[in-house]
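What follows is a short report on a single structure.
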Amino acid sequence: MSVDFKKIEKKWQEKWEKARLFEANPDEREKFFITAAFPYLNGVLHAGHLRTFTIPEVVARFQRMKNRNVLWTFGYHVTGTPILGLAELIKNRDEKTIWAYTQLHGIPEEDLLELTTPEKIVEYFSKKAEEAFKRMGFSLDWRRNFKTSDEVFTKFIEWQFHKLKEKGLIVKGSHPVRYCPSCDNPVEDHDILIGENATLVEYTLIKFTTGDNCIMPMATLRPETVFGVTNVWINPEATYVKAKVYLEKETDEGIKLIDNGIWIMAKECAEKLKHQNRKIEIIEEFKGEKLVGKKVKNPITGKEVPILPAKFVKTNIGTGCVMSVPAHAPYDYIALRDLGLVDKIGLISLIKLPNYGKFPAKEIVEKMGIKSQEEEDKLEEATKKIYKEEFHKGVLNENCIGYEGLAVKEVKDKLTKDLIEKGLAEIMYEFSEEKVVCRCGAPCMVKMVKGQWFIKYSDEKWKELAHKCIDRMKFIPENLRQVFHEKIDWMKDKACVRRRGLGTKFPFEEGWVIESLSDSTIYPAYYTIAKYINQYNIKPEQLTLTLFDYVFLGKGNIDDIEKETGISKDIIKNMREEFLYYYPVDWRCSAKDLIPNHLTFYIFNHVAIFPEEHWPRGIVVNGYVTIEGKKLSKSKGPVLPVLEVAEKFGADVGRFYITTCAELPQDADIKFKEMENTKKVLERIYFLTKEVADRKKTEKVKEELTYIDQWLLSVLNRAIKQYSEFMDNFELRKAGILIYQLLDNLKWYKRRGGDNLNVLEEFLEVLIKLMCPFTPHICEEMWEILGKEGFVSISKFPDVNEDLINEEIEKGEEYLKAIMEDIKEIINVAKVKPKKIYLYTADDWKYDLLKIIKENEGKTIKELMPIIMKDSKFRKYGKEIPKVVNQLIKNNSELINEVKVLENAKEFLKKEFDVEDVIINGEDKAKKKRHALPFKPAIYLE
């Protein structure tokens, strides 16, 4: 017999919608505003979305039952270039795209081939997303739904950019960006197919010189190591060039070329520099082996050092010319050792480092037993370890003339600035990852874009406000606080516009569109007023800058704004009041991949635009999702669309499983067998509810509570208390485990003879309410089966009855379970079928001893013995005392009346072990009683 989950889900979803149950309006209650980063609509919602969105959904339902006025809604993100690219791929009948969307996303081919424009894609996938959310029973206020391409929303984004511009945070200039040469556009995380987490890394190019005055630039992330250079590495098999280099400088008359000398570098480097404010004229191409044996001059120390060959040099990173600092770089040391040149070349110590000698690289290579350059994994590990420790703990020594005594972590910016001012260094930008590919399929580059518009995230005063906000916020997990502080420190100016793609037209210069990570930072504020815009069909032209100033900042005269916009004063006033009621956002939920971009921008933009009382209060981050151990992939699979979860397993099963299979912020691995087991558990609870409801119609209810009734009510009330704490802290897995534990408690209750219908009904009422945020459909059905009125979804969360929590009874049952395990173990070892069981509790003096130990918790036996021996009653036990004390120190049990527990359970134990009798403290068979300890009775089987 099985439960028809789909029928139940459809029934209650229709009832919720008809009752408009989840529409949020300001009232006298405490508000609770929870949001999640809205989904991007270039495909169906999948298992990754399901986890990210179901976490706040479950918490929203819980808070609603706690009588908080919950605002929980969604918009759809559709701006940027991915949807544009997808439309082109479908239009061109790209085979990989057709396969992925039909086979993995489950889109019928005839539907897919119609999606040849961005508008059609947005319309199709927004309907699919809405269907998925509704099928999963999400308790959203749909009146506030919007798409980022809606003209009314673009007016809000224009207002946001005006506010940033007024504060000097939107600027124009030249700046390095991730760039797609094919799309001819800067690219952001959402535009990237491979390497979406790649950031721009700033290399210092230190200008070493050859004997004929050519510049050989050394790219380094650690310019302070220049003082310890013993030689230079090049790749003998790679192609290098000699080239004339000019710096491109912007002037009022246009671009002016400044002679920057003749450079020797890898061919790949020359190509990259062409896009970074330099003009390159190739004079000669040659293999790196031509350079081996020559010398170059260190511009800082004046020392000439040899050029040596090394195959580990990668010419696709930096300049293909690498400074060798063998005292502090494991790769350099091992390469010198492989050439047999360590003694001849020598090592130069630069950094004092705790727990290391003068040459840390040599030490770690020898300690790890690294034999050659071929052991790349070990060398990478050694390099990361040394660099990390030197950065955090290292101090420059006397060889770093002019910088000695400075901490390594403080010297880079100062030294780089000094070298640039002296003309001895320049800057070059690289990606933090080797491969970065646009969604169009073209490799991306770092490009210095001229006349580009940026959000000035480098502004120090702005960063101070962001840090202040972070200090005040809550984070789950807590260690994210430091991560966000680091992200704020790291942030550089960010390109905020592009030439193509969907989005808001940039208000300050024609031909630009605001890019997709810049129009999605403060939109939770728009949720608070979206219902008015949608309900009253407010037109884009009515949404003026002054209207938004009034609604969100309280600036301006409402009478003037009414005349300007044509929107009634009452509506404007309601919009302002609703914003003030719900803002700030209490919790922002997202997956961890949005930490370095969206979530950081979310903090930045809020502190720039809104007063402190409206700054964000909390951020929750969850991990990724895998399916049977395989990483999700929209293009290769698996995907597991949300609608497929609802169809195959049911919404309640999917909701409960996805939110409880892993704790935050861990990654979740979906296992289909476990989902099937979840389904069986829900069915078991459903049929139990029907059984109790049917019995109540015919059976007489017992009024008096037995010992085991009291126990079940005690663990039930304790669970209510724990559950609330878990849910408040987003510990949904713990809350889920608690539900399973309650089911185990019910099983034990029945096993112990418990069968009070009043108690069972109360237990089920509470259990249904605890399950409801996770599994609302079946809980509504069970609520109705029990004859309860109204929706359980908006019923009052159960209060904790402290009077019913009985620690002694609970500990007594745990004690009983432990005794039963001990008896089972003896029976299994002895291989006997006992007729009688004798249980002997400890002598009184051992309990007195335990009491003294508890009163002096933490003391050693040596410290305890004088205290114990002060009491004459213990002296007669002499040498036995230290042995018992030693045993009792390890005893963590609380004081309970053992005899009372055992006497109460005698009949139960007789039945469980099928014996004639259970004797408590009877005749001392085989002198067993002397072995008894408090809460560890001696056992004898006859």
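The values are calculated or read from the model by the stated rules, or taken from the named source; none is laboratory data. Keep in mind it's a predicted model, so treat the numbers as computed, not measured. Backbone-built Cβ (ideal geometry, glycine too); neighbour counts: all protein chains shown.
Here are the numbers:
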{"read-out": "Qualifying position, being in contact with a His (Cβ under 8 Å, 6 or more places away or on another chain) and not basic (Lys, Arg), among Phe475, Phe454, Phe508", "value": "Phe454"}
{"read-out": "Test for His598: is it under 25 Å from Asn534 (Cα atoms), under 24 Å from the mean Cα position of the chain (by Cα) and either outside any loop (DSSP other than H, G, I, E, B) or modelled with pLDDT of 95 or more (or both)", "value": "no"}
{"read-out": "Single match in Leu308, Leu339 (criterion: farther than 27 Å from Trp263 by Cα and hydrophobic (A, V, I, L, M, F, W, C))", "value": "Leu339"}
{"read-out": "Any hit, the range 795-806, residues being at pLDDT 95 or above, of a type in the set (Gly, Ala, Ser) and under 23 Å from Gln13 (Cα atoms)", "value": "yes"}
{"read-out": "Qualifying positions in the range 819-840 - hydrophobic (A, V, I, L, M, F, W, C) and either part of a loop (DSSP other than H, G, I, E, B) or without any contact (Cβ under 8 Å) to a residue 12 or more places away in the chain (or both)", "value": "Val829, Val832"}
{"read-out": "Criterion (over 30 Å from Trp12 (Cβ atoms) and among the aromatic types (Phe, Trp, Tyr)) met by exactly one of Phe138, Phe161, Phe125, Phe133", "value": "Phe161"}
{"read-out": "Top-ranked residue in the range 601-632 [being in contact (Cβ under 8 Å) with a residue 60 or more places away in the chain and in a loop (DSSP other than H, G, I, E, B); ranked as surrounded by the fewest Cβ atoms within 10 Å (Cβ to Cβ)]", "value": "Arg617"}
{"read-out": "Test: residue in the range 518-532 that is over 24 Å from Ile170 (Cα atoms), out of contact with any strand residue (DSSP E or B) (no Cβ under 9 Å at 6 or more places or on another chain) and of a type in the set (Lys, Arg)", "value": "yes"}
{"read-out": "Index of the failed condition, Pro665 passing every other in (1) surrounded by fewer than 21 Cβ atoms within 10 Å (Cβ to Cβ); (2) assigned to a helix (DSSP H, G or I)", "value": "(2)"}
{"read-out": "Search result, residues across the range 1-26 that are over 33 Å from the mean Cα position of the chain (by Cα) and more than 17 Å from Phe791 (Cβ to Cβ)", "value": "Met1, Ser2, Val3, Asp4, Lys7"}
{"read-out": "Residue match in the range 102-118 (condition: over 29 Å from the mean Cα position of the chain (by Cα), in contact (Cβ under 8 Å) with a residue 60 or more places away in the chain and surrounded by fewer than 17 Cβ atoms within 10 Å (Cβ to Cβ))", "value": "yes"}
{"read-out": "Test: residue in the range 611-618 that is under 18 Å from Tyr40 (Cβ atoms) and among the basic types (Lys, Arg)", "value": "no"}
{"read-out": "Unmet criterion (only one of (1) under 30 Å from Pro330 (Cα atoms); (2) in contact with a helix residue (DSSP H, G or I) (Cβ under 8 Å, 6 or more places away or on another chain)) for Ile282", "value": "(1)"}
{"read-out": "Residue pairs meeting the criteria (Cβ under 7 Å; at least 6 apart or on separate chains; first part of a strand (DSSP E or B), in the range 69-82; second surrounded by 24 or more Cβ atoms within 10 Å (Cβ to Cβ) and among the acidic types (Asp, Glu))", "value": "Gly80/Asp191; Gly80/Glu515"}
{"read-out": "Condition broken by Trp490, with the remaining ones in (1) of a type in the set (Phe, Trp, Tyr); (2) surrounded by 16 or more Cβ atoms within 10 Å (Cβ to Cβ); (3) closer than 30 Å to Val620 by Cβ satisfied", "value": "(2)"}
{"read-out": "Among (1) modelled with pLDDT of 90 or more; (2) under 27 Å from Lys851 (Cα atoms); (3) of a type in the set (Phe, Trp, Tyr), the one test that Phe908 misses", "value": "(2)"}
{"read-out": "Filter result (more than 27 Å from Lys272 (Cβ to Cβ), β-branched (Val, Ile, Thr) and part of a loop (DSSP other than H, G, I, E, B)) within the range 307-365", "value": "Ile348"}
{"read-out": "Condition broken by Ile307, with the remaining ones in (1) of a type outside the set (D, E, K, R); (2) modelled with pLDDT under 95; (3) touching a strand residue (DSSP E or B) at 6+ places or on another chain (Cβ under 7 Å) satisfied", "value": "(2)"}
{"read-out": "Of all residues in the range 672-722 being touching a Leu at 6+ places or on another chain (Cβ under 9 Å) and in a loop (DSSP other than H, G, I, E, B), the one that is surrounded by the most Cβ atoms within 10 Å (Cβ to Cβ)", "value": "Leu705"}
{"read-out": "Conditions (1) in contact with a Pro (Cβ under 9 Å, 6 or more places away or on another chain); (2) of a type in the set (A, V, I, L, M, F, W, C); (3) outside the structural domain of Lys788 (by TED's automatic domain parsing): number failed by Leu640", "value": "(1)"}
{"read-out": "Every pair of residues 6+ apart whose Cβ atoms lie under 8 Å, when the first sits in the range 181-210 and is more than 24 Å from Ser635 (Cβ to Cβ) while the second is among the basic types (Lys, Arg) and surrounded by 20 or more Cβ atoms within 10 Å (Cβ to Cβ)", "value": "Leu200/Arg178"}
